[in-house]
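Colleague: To start, I am sharing the structure in question, which I have written as structure tokens.
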């Protein structure tokens, strides 16, 4: 029942400068506090709250409010136990883990009375930790060298970009001037072109009017003959009445009065006066020689256009194609590539009117054509120069954008810009494009999901360049937009090590890069600094 | 988890967060987002349930039923009597039993049903032992039977039929006093079979009928008077007017689902009146008040196990489980009615005073009318028979004992099951489980169980593991075992229809699936997609299911893996009301008959499997969502898919109190709320409340942000740690209370009125409760609360604040200012509670730790308590009597420990490290007398300001006799 007092003391073997020294102190007390626990002298709780006989230290009853009288038992709820862990790192554990049947200290000292079978694993752990730290040190060393290179490269690149920018800006000035010059050339060439074209058109219009009048006349004569059923050289009321299409009051028949009206108030007209009548009726008049068109009901256009629209959908690229296109572009505006296709309406071809064939404008005369060609050339030159200017503008913008990113204190992260790194898991391919976006794509078909676009550096205050935050990805059902936290660790390679989704739609990525490798000195002190003895 | 709306299903399909099915998702999104709360239209109202509508159309009045007194048969164990419906001349057989322990059983069935009607098996733990009844008086109006002691009598009135149970001059309870007894007899469908038969082969039909009759005659031949009955019946048949068919009798359609009802109408109904009663409780599960409400003018309470997506509060709709037990209470007496029927059931409650208008009450006052209150209860079930157990009390504990004698008591859990459970839908993979486990140690928070929801399986094939995420389950379980912790993995009762899945193939080949009305395997939609539903009502099926939990069958399982049965209402996403079609077949019975007991059978089969895998040694643990009367025998239940809202935190108290009243003590609600994201304040308050509720588990929906206790800043981590540590310190009390529940049927978590039955102020209290009889808990359940008002019951009693030891008088409303760290809890003066203040990382680590006794003195300077100790996980306490059960008693300045179970044997390493006496005065000296008579002095400290005396290290073994004397 009561914990045995003979377990009060422990003998700890400590190694210091190669000499073995025995240090006696109550169980669970760290060397640094040994002086407070003097045998056979009353013990004062470390918070000074009270003084108790020394035999109440580690007697399995909590007397001190701060738990300091029971460093080696579980009696105090707020106590802590010191494991020496010779060969590994010493540590404190909560008192509640003393004799709880679970091995916590690698030197097994926490389980002295529970029956738990613990093995001393300190040496093994120490060895492993050294190995790990050594490896880490190597990685850090090499990584740090790589980082220096990256920094140098970044500098070079930055200079390159800067000079490129200057060059482009000069270039831009030149181009702007060129554009203006070519605009003048173009406008100069277009004036005579326009005049020549108008001339040509006018001539054509006139000619067309003449042809048209002749045709009408011929038609009128033909109609007169057709209407003049009795061939008496007159078109009479009765003869007009046979042409129901001439009905003016929409009752389906041409009454006498109507016919008279059409004839200009007289009963009959001769060829000469027919010209006036013809102007009234020619739009409606149906020649008797042509068969009457079967009910002039317009064929419903939908019937023809529907399947057309269906066929059209095949023109849409599959999602995958879209995504690939998107991937190649760095620009954010590509987020909705489908829009371009949405805007293209299904084209419904209407058959051209045959009648008009004969009315095609004759080609330009040589003189006009020369003017047109000259103007076209000036236009092309102008547009080309404008395009060149736009290109240069874009390039300037891109460089300015790139320069505006925070690539770390020494721009060591700049090499990640416009790169992408992938990690393939059992189900998905994850892609991290630093300073741009994170995405996830199912391995076996399905579209890509945006797990967040570049937000900000989000590491702890002392080094905010250890964590990247990507935000505002695709929305989740009943949840937030997806976001990704990228944790950066030192490594020789630049690789996505792992991804997980600790909380719904909140992703975590582990990413190694030499860019975060610290100076090896810092790591060395870690490796050697823990040796208390 | 629920979400029959498809929400969860879609979410599950999306994992991890990839919109594979964007168009479908978008379509469903609109559907789901619109449904903020429950979609009521998915579930029937009484009006939409044809039998409920038919029954409820009947108004109280002259009952058509008449007792045929000349058919009386009286034997030692029962009386039988025929009833006749004067409208249709159909006869019923009434059986009356007087049961041991002050109960009366009333059974009514058709005298000659066309085919047998369902009588619910497997709920009663034994054929209830009877006691003889004697006929005291009889005339043409009725008869009087004596129920033995206490001048209790049953009066049977003949015309109309009515039963009154009286004690001396007082009517305790009346049956059919409002004339609402209805028994829809089985019949042949007029427009089809019967007419054809009469016109064509009528003679054959007659002979069929005579076969039934003669069979019945043979059964009752020895019981005299049957000949008379036969004659009378013949006469009656002449006069039978054919009853009109009503809509819904032979077919019923709800939404797109059609119920074929090949057996036609079969519903039953009976009314009960409790004179002098104003308070009735029970009939869980409803998200509503502890005290049952008057249902006049609204729908009745519904009992029909359903998977309700995002259920609403304060609403009488059916939920996941059903216990058809109602408890009546007034200052004089507590009684109960157990309506043993597993079909869809509706319960109407009307209270004759509660329903009165203010004006009406005033008139009573003016006219001097002193009418006592009365509560009328009417039960309506869709099929089966009337089988009612009237539990006559008279004290609350008597009713609990009576109900326990019928349906058994709470399964006694292992200690660790009373610890804290960490659950989420879902922990992503083994690494995630490991990280969460380590998080608890890192933040020094104890826990015993970590849970895996459906995503741990290989494509929702239960009994399997996801090959990528949980590739090495044994490694994971061993890791937990090394920390002395455990795991629960979900095993739902719907089985993926997949010819590559062993479980499915075996169930199919053994023909164990529930069948459609046409005899094919019934299939429905659930988490795995198309699923079969094993027929758990079949004992062979259950035995096979149990065998699947053997370590060599359930690959990857180990002894620290336990089971969770969800969706066992059963939930069928595409079924009527998200459950199984009523005309599906379980052997020869329709699903209609067995619906409410299906979930119990699932939990039972799993429970038996877990016992068998350990060779009958280890106590199992099975959590179930659906339940029925008797489910307490098989493990724990929780209140289903609640939400992260203050109202849901509040309602968890009356929901668990209601369950406790009807035998189910191991109850809890998802801490934090399942749906939605709790505010930090709500989460902390829920931990504080949950730490004092029997089943203490946090759970969260897949789509909610993570909420492990350390994710809300160090202050909140500390608050949650403290709440969980309070739970662990009190585990000795929890364990003893569960032992008590196992032995007596008394609830662990108790409504105040149970312990203070004569104090009407307690009758409707549901924002606080008692653990056992000694600890009063009033959790903070309001946002931004600056204080709570707790009612401390008991005139002349005192209560001690367990945190400050401040003493308060009983029978008062006490305002308690609160901060975020407050969990108002009081210990009753006169009680002794033992705690283990050395809280460790799991309960198993604390098994042999020493106890601290908190002795809270009554005003008379006395106190009493118990301590129960065993190996905390096996059945040896029962089989080998390996336990320690001691009485701790303080009076006349002496505290002593004495053995309550002299024939038990167990030894423990645990000892008494401290005794804290509240309300004490300063002694001069304290001496301890050990079992062997040796005396020693005990050191002490006295805090005179708080009147708290602390005894330092008595050091006696917790299993020994000892006495401490204050001088």
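Colleague: Please go through region A:399-419 and pick out each residue that is farther than 22 Å from residue A:148 by Cα and free of Cβ contacts under 8 Å to residues at least 40 places away in the same chain. Before you say what the answer is, go through the steps one by one.
Modeller: Going through region A:399-419, the residues farther than 22 Å from residue A:148 by Cα turn out to be A:399-401.
Residue satisfying the conditions is A:401 alone.
Colleague: Could you tell me how many of the residues in region B:119-135 are in contact with a strand residue (DSSP E or B) (Cβ under 8 Å, 6 or more places away or on another chain), surrounded by fewer than 19 Cβ atoms within 10 Å (Cβ to Cβ) and in a loop (DSSP other than H, G, I, E, B)? Outline the logic, then answer.
Modeller: So the first thing to find is which residues in region B:119-135 are in contact with a strand residue (DSSP E or B) (Cβ under 8 Å, 6 or more places away or on another chain), and the list is B:119-120, B:128-135.
Retained after the next criterion (residues that are surrounded by fewer than 19 Cβ atoms within 10 Å (Cβ to Cβ)): B:119, B:128-132, B:134-135.
Now restrict to residues that are in a loop (DSSP other than H, G, I, E, B): B:119, B:128-129, B:132.
Qualifying residue count, region B:119-135: 4.
Colleague: Quick check on my filter: what residues within region B:474-493 are over 17 Å from residue B:423 (Cα atoms) and within 33 Å of the chain's Cα centre (by Cα)? So that I can check it myself, show each step before the final result.
Modeller: First pass over region B:474-493, keeping only residues over 17 Å from residue B:423 (Cα atoms): B:474-475, B:478-479, B:481-484, B:493.
Within region B:474-493, B:481, B:483, B:484, B:493 qualify.
Colleague: Among the residues of region B:814-845 satisfying the criterion of being more than 8 Å from every other protein chain (Cβ to nearest Cβ) and closer than 30 Å to residue B:481 by Cα, which is surrounded by the fewest Cβ atoms within 10 Å (Cβ to Cβ)? If you could, list the steps in order and put the result at the bottom.
Modeller: Step one: filter region B:814-845 for residues more than 8 Å from every other protein chain (Cβ to nearest Cβ), giving B:814-836, B:842-843.
When the remaining residues are screened for being closer than 30 Å to residue B:481 by Cα, the result is B:834-836, B:842-843.
Values: B:834: 26, B:835: 20, B:836: 22, B:842: 25, B:843: 29.
Across region B:814-845, the extreme among qualifying residues is B:835.
Colleague: Another one. What single numbered condition from (1) more than 14 Å from chain B (Cβ to nearest Cβ); (2) modelled with pLDDT of 95 or more; (3) in contact with a strand residue (DSSP E or B) (Cβ under 8 Å, 6 or more places away or on another chain); (4) outside any strand (DSSP E or B) fails to hold for residue A:34?
Modeller: Among (1) more than 14 Å from chain B (Cβ to nearest Cβ); (2) modelled with pLDDT of 95 or more; (3) in contact with a strand residue (DSSP E or B) (Cβ under 8 Å, 6 or more places away or on another chain); (4) outside any strand (DSSP E or B), the lone unmet condition for residue A:34 is (2).
Colleague: Would you check if there is a residue in region B:59-66 being away from chain A (no Cβ under 14 Å), outside any loop (DSSP other than H, G, I, E, B) and either within 30 Å of residue B:144 (Cα to Cα) or at pLDDT 95 or above (or both)? Quick ask: steps written out before the conclusion?
Modeller: Going residue by residue through region B:59-66, those that are away from chain A (no Cβ under 14 Å) are B:59-66.
Next, from what is left, pick out any that are outside any loop (DSSP other than H, G, I, E, B): B:65-66.
Cutting the leftovers down to either within 30 Å of residue B:144 (Cα to Cα) or at pLDDT 95 or above (or both) gives us B:65-66.
Checked region B:59-66: at least one residue is away from chain A (no Cβ under 14 Å), outside any loop (DSSP other than H, G, I, E, B) and either within 30 Å of residue B:144 (Cα to Cα) or at pLDDT 95 or above (or both).
Colleague: Give region B:246-295 a look and list any residue that's within 22 Å of residue B:653 (Cβ to Cβ), over 19 Å from the mean Cα position of the chain (by Cα) and not in a loop (DSSP other than H, G, I, E, B), or say none.
Modeller: Passing the criteria: only B:279.
Colleague: To continue, here is another question. Residue B:650 versus (1) out of contact with any strand residue (DSSP E or B) (no Cβ under 8 Å at 6 or more places or on another chain); (2) closer than 25 Å to residue B:291 by Cβ; (3) buried (at least 24 other Cβ atoms within 10 Å of the Cβ): which is the lone unmet condition?
Modeller: Going through (1) out of contact with any strand residue (DSSP E or B) (no Cβ under 8 Å at 6 or more places or on another chain); (2) closer than 25 Å to residue B:291 by Cβ; (3) buried (at least 24 other Cβ atoms within 10 Å of the Cβ) one by one, residue B:650 breaks only (3).
Colleague: So, in region A:50-59, of the ones that are away from every other protein chain (no Cβ under 13 Å) and over 21 Å from residue A:110 (Cβ atoms), which residue ends up surrounded by the fewest Cβ atoms within 10 Å (Cβ to Cβ)?
Modeller: Per the criteria, the residue is A:51.
Colleague: Which ones in region A:493-523 are buried (at least 19 other Cβ atoms within 10 Å of the Cβ), more than 14 Å from chain B (Cβ to nearest Cβ) and under 21 Å from the mean Cα position of the chain (by Cα)?
Modeller: A:496, A:511
Colleague: Counting just the residues of region B:706-730 that are in a helix (DSSP H, G or I) and within 14 Å of chain A (Cβ to nearest Cβ), which one comes out farthest from residue B:668 (Cα to Cα)?
Modeller: Step one: filter region B:706-730 for residues in a helix (DSSP H, G or I), giving B:713-729.
Right, trim to within 14 Å of chain A (Cβ to nearest Cβ) and you get B:718, B:721-722, B:724-726, B:728-729.
Values: B:718: 23, B:721: 19, B:722: 19, B:724: 15, B:725: 18, B:726: 17, B:728: 16, B:729: 19 Å.
Only one residue fits best here, namely B:718.
Colleague: A further question follows. Would you confirm whether or not region A:60-78 contains a residue that is over 24 Å from residue B:442 (Cα atoms) and either surrounded by fewer than 22 Cβ atoms within 10 Å (Cβ to Cβ) or under 53 Å from the mean Cα position of the chain (by Cα) (or both)?
Modeller: yes
Colleague: If you don't mind, there's one more thing I want to ask. So, in region A:385-394, how many residues would count as being in contact with a helix residue (DSSP H, G or I) (Cβ under 8 Å, 6 or more places away or on another chain) and surrounded by fewer than 17 Cβ atoms within 10 Å (Cβ to Cβ)?
Modeller: Quick first cut of region A:385-394, residues in contact with a helix residue (DSSP H, G or I) (Cβ under 8 Å, 6 or more places away or on another chain) only: A:385-386, A:388-389, A:392-393.
Narrowing the set further to residues that are surrounded by fewer than 17 Cβ atoms within 10 Å (Cβ to Cβ) leaves A:386, A:388, A:393.
Number satisfying all stated conditions: 3.
Colleague: Follow-up question, since we're still on this one. Just give me the residues in region B:619-639 being assigned to a loop (DSSP other than H, G, I, E, B) and within 11 Å of residue B:568 (Cβ to Cβ), in sequence order.
Modeller: Filtering region B:619-639 down to residues assigned to a loop (DSSP other than H, G, I, E, B) leaves B:619-621, B:625-630, B:635, B:639.
Listed by number, the residues that qualify are B:625, B:626, B:627, B:628.
Colleague: Now, a different point. Check A:485, A:489, A:495 and return the single one that is closer than 24 Å to residue B:429 by Cα and touching a residue at least 60 places away in the same chain (Cβ under 8 Å).
Modeller: On the way: A:485 fails: touching a residue at least 60 places away in the same chain (Cβ under 8 Å); A:489 fails: touching a residue at least 60 places away in the same chain (Cβ under 8 Å).
The conditions single out A:495.
Colleague: Sticking with this one: Of all residues in region A:85-123, how many are part of a loop (DSSP other than H, G, I, E, B), more than 14 Å from chain B (Cβ to nearest Cβ) and more than 18 Å from residue B:845 (Cβ to Cβ)?
Modeller: Residues of region A:85-123 that are part of a loop (DSSP other than H, G, I, E, B), as a first pass: A:85-90, A:98-121.
Still in the running and more than 14 Å from chain B (Cβ to nearest Cβ): A:85-90, A:106-109, A:112, A:120.
Next, from what is left, pick out any that are more than 18 Å from residue B:845 (Cβ to Cβ): A:85-90, A:106-107, A:120.
Here the count works out to 9.
Condition check ((1) within 14 Å of another protein chain (Cβ to nearest Cβ); (2) in contact with a strand residue (DSSP E or B) (Cβ under 8 Å, 6 or more places away or on another chain)) across all residues:
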{"residue": "B:906", "(1), (2)": "no, yes"}
{"residue": "B:917", "(1), (2)": "no, yes"}
{"residue": "B:931", "(1), (2)": "yes, yes"}
{"residue": "B:934", "(1), (2)": "no, no"}
{"residue": "B:940", "(1), (2)": "yes, yes"}
{"residue": "B:944", "(1), (2)": "no, no"}
{"residue": "B:952", "(1), (2)": "yes, yes"}
{"residue": "B:958", "(1), (2)": "yes, yes"}
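Colleague: Residue B:575 versus (1) surrounded by fewer than 20 Cβ atoms within 10 Å (Cβ to Cβ); (2) touching a residue at least 60 places away in the same chain (Cβ under 8 Å): which is the lone unmet condition?
Modeller: Of the numbered conditions (1) surrounded by fewer than 20 Cβ atoms within 10 Å (Cβ to Cβ); (2) touching a residue at least 60 places away in the same chain (Cβ under 8 Å), the odd one out for residue B:575 is (1).
Colleague: If you don't mind, there's one more thing I want to ask. Could you run through region A:406-417 and say how many residues are in contact with a helix residue (DSSP H, G or I) (Cβ under 8 Å, 6 or more places away or on another chain) and surrounded by fewer than 16 Cβ atoms within 10 Å (Cβ to Cβ)? Before the answer, list the steps.
Modeller: Of the residues in region A:406-417, the ones in contact with a helix residue (DSSP H, G or I) (Cβ under 8 Å, 6 or more places away or on another chain) are A:407-417.
Among the residues that remain, those that are also surrounded by fewer than 16 Cβ atoms within 10 Å (Cβ to Cβ) are: A:409-410.
Residues that pass the stated criteria total 2.
Colleague: State whether the residues of region A:70-84 include one that is modelled with pLDDT under 95, in a loop (DSSP other than H, G, I, E, B) and more than 11 Å from every other protein chain (Cβ to nearest Cβ).
Modeller: The answer is yes; a qualifying residue exists.
Colleague: Name the residue that is farthest from the other protein chains (Cβ to nearest Cβ), counting only residues in region A:476-492 that are out of contact with any strand residue (DSSP E or B) (no Cβ under 6 Å at 6 or more places or on another chain) and in a loop (DSSP other than H, G, I, E, B).
Modeller: Kept after step one, since they are out of contact with any strand residue (DSSP E or B) (no Cβ under 6 Å at 6 or more places or on another chain), are these residues of region A:476-492: A:476-480, A:490, A:492.
Restricting the remaining residues to those that are in a loop (DSSP other than H, G, I, E, B) gives A:476-480, A:492.
Working: A:476: 6, A:477: 6, A:478: 5, A:479: 5, A:480: 8, A:492: 25 Å.
Top of the filtered list is A:492.
Colleague: Among the residues of region B:417-447, count how many are within 13 Å of another protein chain (Cβ to nearest Cβ) and either farther than 25 Å from residue A:91 by Cβ or buried (at least 23 other Cβ atoms within 10 Å of the Cβ) (or both). Show your work before the answer.
Modeller: Kept after step one, since they are within 13 Å of another protein chain (Cβ to nearest Cβ), are these residues of region B:417-447: B:424-446.
Checking the rest, the ones that are also either farther than 25 Å from residue A:91 by Cβ or buried (at least 23 other Cβ atoms within 10 Å of the Cβ) (or both) come to B:424-430, B:432-433, B:440, B:445-446.
Residues that pass the stated criteria total 12.
Colleague: A follow-up question, please. Considering only region B:31-46, I want to know if a residue exists there that is in a helix (DSSP H, G or I), more than 14 Å from chain A (Cβ to nearest Cβ), at pLDDT 95 or above and surrounded by 15 or more Cβ atoms within 10 Å (Cβ to Cβ).
Modeller: Taking region B:31-46 and keeping what is in a helix (DSSP H, G or I), we get B:31-34, B:40-42, B:46.
With more than 14 Å from chain A (Cβ to nearest Cβ) added as a condition, the list becomes B:40-42, B:46.
From the residues that got through so far, the ones that are at pLDDT 95 or above too are B:46.
Those left that are additionally surrounded by 15 or more Cβ atoms within 10 Å (Cβ to Cβ): B:46.
Taking every residue of region B:31-46 in turn, at least one turns out to be in a helix (DSSP H, G or I), more than 14 Å from chain A (Cβ to nearest Cβ), at pLDDT 95 or above and surrounded by 15 or more Cβ atoms within 10 Å (Cβ to Cβ).
Colleague: I've got another one for you. Which condition number in (1) assigned to a loop (DSSP other than H, G, I, E, B); (2) buried (at least 24 other Cβ atoms within 10 Å of the Cβ) is the one that residue B:677 fails?
Modeller: The failed condition is (2).
Colleague: Any residue that is surrounded by fewer than 23 Cβ atoms within 10 Å (Cβ to Cβ), within 13 Å of chain A (Cβ to nearest Cβ) and farther than 24 Å from residue B:546 by Cβ - is there at least one of those in region B:485-501?
Modeller: no
So that you can scan it fast, the table gives a plain yes or no per residue for (1) modelled with pLDDT of 95 or more; (2) assigned to a helix (DSSP H, G or I); (3) over 16 Å from residue B:858 (Cα atoms):
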residue	(1), (2), (3)
B:738	yes, yes, yes
B:747	yes, no, yes
B:757	yes, no, yes
B:788	yes, no, yes
B:795	yes, no, no
B:803	yes, no, yes
B:820	yes, no, yes
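Colleague: Restricting the search to region B:467-482, which residues are crowded, with 21+ Cβ neighbours inside 10 Å and either within 12 Å of chain A (Cβ to nearest Cβ) or on the phi > 0 side of the Ramachandran plot (or both)? Show your work before the answer.
Modeller: Just the residues of region B:467-482 that are crowded, with 21+ Cβ neighbours inside 10 Å, to begin with: B:470, B:473, B:476-477, B:480.
B:480, the sole residue that qualifies.
The values are calculated or read from the model by the stated rules, or taken from the named source; none is laboratory data. Small disclaimer: the values here were computed from a predicted structure and weren't measured. Every residue, glycine as well, gets a Cβ built from its backbone with ideal geometry; the counts of neighbours run over all protein chains shown.
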